[in-house]
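The values are calculated or read from the model by the stated rules, or taken from the named source; none is laboratory data. The shown structure was predicted, so the numbers you read here are calculated from the model rather than taken from an experiment. Please note: Cβ atoms are built from the backbone with ideal geometry, for glycine as well, and neighbour counts cover all protein chains shown.
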Amino acid sequence: MHGKLTCPFCDYETEVVPQPAECPHCGTPLRYECDLAGAAPGDLHGRGVWRYRMFLPDVEPVSLGEGGTPLVPSLRLGEEMGVQLSFKLEGANPTGSFKDRGASVLVSVLAALGARKVADDSSGNAGAALAAYAARAGLGAVLFVPAHASEKKLSQIQAYGAELVRVPGPRPRATEAAQAACRQKEDLAYASHNESPYFVAGLETVAYEIAEELGWRAPDHLVVPVGGGGLFLGIVYGFLKLLALGWIAKTPRVHVAQAAACAPIVRAFERGLAAPEPVSVGKTMAEGVCIPAPPRGREILAALRDVQGTAVSVPEGEIALAQKELAQKEGIYIEPTSAVAIAALRRLIEQGAIPPGEEVVVPLTGSGLKSGLL
């Protein structure tokens, strides 16, 4: 398999390995890199995530047709807010969320490296994606989930034949349980969507698709809901790679959106910290961004500053209103985690971080059919 794993903060690199790995010097999860010298848009073939396989590990794809999601212009909300607004409809992916992109690449790599059974911890979307792609690849799957997670999402995980382990207590307990199980069972590969370099590599394709849809240019801004931060990092790294190749002329400013009930990145950004500190968690309908101690927190903050983004948190009332507005004014039904970014966009405009008239893309991360809330 071509490519290597590298540290985002130092020159450490190592060969591709199945399990998530950290830099021995920086303690940061590694990311996937490969040689792109001479790559050109004319080399792209097919559609969806694997259209960009030159950027991805060289393995046989395990695919359900993920990616290639619509980029839809706003008809009303953008005009109300005074910006040129478009939505990237990630709920159109096979299991209903952007997590399919990362799961396709991650499961493809693990299958190529000989895995037979995979495990992850998830509040819902990542678990559903991993269960679906594991089933597609003929692999077993065990998902450790918070006991309070959405029943619709848990039912979806079980529908794919995955073993479901409900873990009482706060979200981090599910992570601890998954990691402990993988340490105890040699045949269980930890397919962590929050730490795996291959999952993030799959999420970079969101940036590639947006740039290609816009005629190989970047919008002025993106607003991204952040929990573990894989989507945010994938988008930033994707645009940076396109800039390095000369396929685009500039990178966008990429902003972080979090729920006020759990906002470790926002708090660290506002305090000027290099790494987030764990925060106490309140109740939030946006369960997909409820990660009090993101493993890639230091990396997220560094990337946020590199692209001159900012970070804002929004209360529950604004999240609920944003979900309702998008459904009624744009005909787009999203889950509350996606609505965090719409609510945050209003705040960013009010704060002047996004000036009037500029072009903004918001990835709508998951379908409202997964939550049923309004």
Item to complete: Test each condition in (1) under 30 Å from I349 (Cβ atoms); (2) assigned to a helix (DSSP H, G or I) for G42 and report the one that comes out false.
Response: (1)
Worksheet item: So which of F55, F87 is assigned by TED's automatic domain parsing to the domain that holds K329 and aromatic (F, W, Y)?
Response: F87
Item to complete: Look through G140, G124 and report the one residue that is outside the structural domain of P336 (by TED's automatic domain parsing), surrounded by 24 or more Cβ atoms within 10 Å (Cβ to Cβ), in contact (Cβ under 8 Å) with a residue 12 or more places away in the chain and among the small types (G, A, S).
Response: G124
Item to complete: Go over the candidates G96, G42, G102, G46 one by one and state the one that is crowded, with 17+ Cβ neighbours inside 10 Å, more than 21 Å from P197 (Cα to Cα), modelled with pLDDT of 95 or more and of a type outside the set (V, I, T).
Response: G96
Worksheet item: Quick one: is L30 touching a strand residue (DSSP E or B) at 6+ places or on another chain (Cβ under 9 Å) and under 25 Å from P336 (Cα atoms)?
Response: no
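Taking T310, is it hydroxyl-bearing (S, T, Y) and at pLDDT below 95? Lay out the reasoning, then the answer.
Numbers: hydroxyl-bearing (S, T, Y): yes; at pLDDT below 95: no.
When the stated conditions are applied, T310 does not pass them.
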Worksheet item: Can you name the helices (runs of 4 or more DSSP H) wholly within the stretch 269-374 that have at least 3 residues being farther than 21 Å from V200 by Cβ and small (G, A, S)?
Response: 316-330, 336-351
Discussion item. Against the condition of a type in the set (S, T, N, Q), in contact (Cβ under 8 Å) with a residue 12 or more places away in the chain and out of contact with any His (no Cβ under 8 Å at 6 or more places or on another chain), how does T284 come out, does it pass?
Written reply: yes
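Is one or more of the residues making up the stretch 235-243 modelled with pLDDT of 95 or more, among the hydrophobic types (A, V, I, L, M, F, W, C), on the phi < 0 side of the Ramachandran plot and surrounded by fewer than 24 Cβ atoms within 10 Å (Cβ to Cβ)? Before you say what the answer is, go through the steps one by one.
Residues of the stretch 235-243 modelled with pLDDT of 95 or more: 235-243.
Now narrow it down to the ones that are among the hydrophobic types (A, V, I, L, M, F, W, C): 235-236, 239-240, 242-243.
Cutting the leftovers down to on the phi < 0 side of the Ramachandran plot gives us 235-236, 239-240, 242-243.
Adding the requirement that they be surrounded by fewer than 24 Cβ atoms within 10 Å (Cβ to Cβ) leaves 240, 243.
Yes - at least one qualifying residue is present in the stretch 235-243.
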Fill in: Filter result for V83 (touching a residue at least 24 places away in the same chain (Cβ under 8 Å), surrounded by 20 or more Cβ atoms within 10 Å (Cβ to Cβ) and over 18 Å from the mean Cα position of the chain (by Cα))
yes
Worksheet item: What single numbered condition from (1) farther than 30 Å from E151 by Cβ; (2) buried (at least 24 other Cβ atoms within 10 Å of the Cβ) fails to hold for A263?
Response: (1)
Item to complete: Name the residue, out of A162, A180, A115, A141, that is of a type in the set (A, V, I, L, M) and under 21 Å from the mean Cα position of the chain (by Cα).
Response: A141
Worksheet item: If only one of D120, D100 is acidic (D, E) and within 16 Å of A178 (Cα to Cα), which one is it?
Response: D120
Practice prompt. Scan the stretch 333-349 for residues that are touching a Ser or Thr at 6+ places or on another chain (Cβ under 9 Å) and among the hydrophobic types (A, V, I, L, M, F, W, C) and report the count.
Written response: 5
Item to complete: Return the total of residues in the stretch 127-137 being over 23 Å from R51 (Cβ atoms) and surrounded by fewer than 24 Cβ atoms within 10 Å (Cβ to Cβ).
Response: 1
